[in-house]
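The structure under discussion appears below in the form of structure tokens.
The values are calculated or read from the model by the stated rules, or taken from the named source; none is laboratory data. Model, not experiment: these values are computed from the prediction. Here the Cβ positions follow ideal geometry from the backbone for every residue, glycine too, while neighbour counts run over all protein chains shown. Remember, those area values only see protein heavy atoms, side chains included, never the ligands or the DNA or RNA. Shrake-Rupley method; radii C 1.70, N 1.55, O 1.52, S 1.80 Å.
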Amino acid sequence: MEFIEVSRAVGFPALLVYVAIVVLAHLFRWKRFNHMHALGVVVGAVCMVGLAAQFGLEGFVKYALMGVAVALGGYLFGLLGNRLPPRSR
């Protein structure tokens with residue numbers, strides 16, 4: 001149950017971070033910005049915070065696994081984004 005409680009607690013601030021990243025990307029007109037990479041990074045971070053609370057991880061192990069989760073989330077969501085058809089403009 002710790003996973004769900006902690007994930008809910010950090011979910012909304014993580015959503016705000018994602019929205020801020022997307023707004024900055026549009027304001028600065030970043031050409032190679034992929035929304036799915038950013039979403040994967042945020043989802044990976046939220047899941048890892050929940051898992052760290054569930055299993056009581058602390059210190060180096062927590063932050064090392066956080067890096068792995070963020071990188072893996074960004075990579076996998078990026079692959080998913082490449083599989084989806086481009087939106088019509």
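Can you tell me the order of 70-83, 12-25 when each peptide is scored by its average per-residue count of other Cβ atoms within 10 angstrom, highest first?
Result, highest mean Cβ count within 10 Å first: 70-83, 12-25.
Can you give me the accessible area per residue for the chain, using a 1.4 Å probe, in Å²?
76
In deg cm²/dmol, rounded to 500, what helix-only [θ] at 222 nm does the chain give when every DSSP H run of at least 4 residues adds -39500 (n - 2.57) and the total is split over its residues?
Only helices count here, giving -28500 deg cm²/dmol.
Of (i) 16, 52, 29, 3; (ii) 17, 41, 30, 11, 1; (iii) 17, 53, 24, 5, 0, which one was derived for P(r) over Cα pairs in 10 Å bins from 0, in percent from the structure shown?
Computed from the coordinates, P(r) over Cα pairs in 10 Å bins from 0, in percent corresponds to (ii).
Scan the chain for GluC sites (Glu not before Pro) in coil per DSSP, keeping those whose Cβ has at most 14 other Cβ atoms within 10 Å, and list them by number.
Glu58
Please report the relative contact order for the chain, taking Cα pairs under 8 Å with a sequence separation of at least 6, and give it as a percent rounded to a whole number.
Averaging sequence separation for qualifying contacts and normalising by length gives 38 percent for the chain.
Once neighbouring chains are kept in place and the probe is 1.4 Å, which whole percent of the accessible area of the chain is contributed by carbon and sulfur?
Within the chain, the accessible surface is 70 percent carbon and sulfur.
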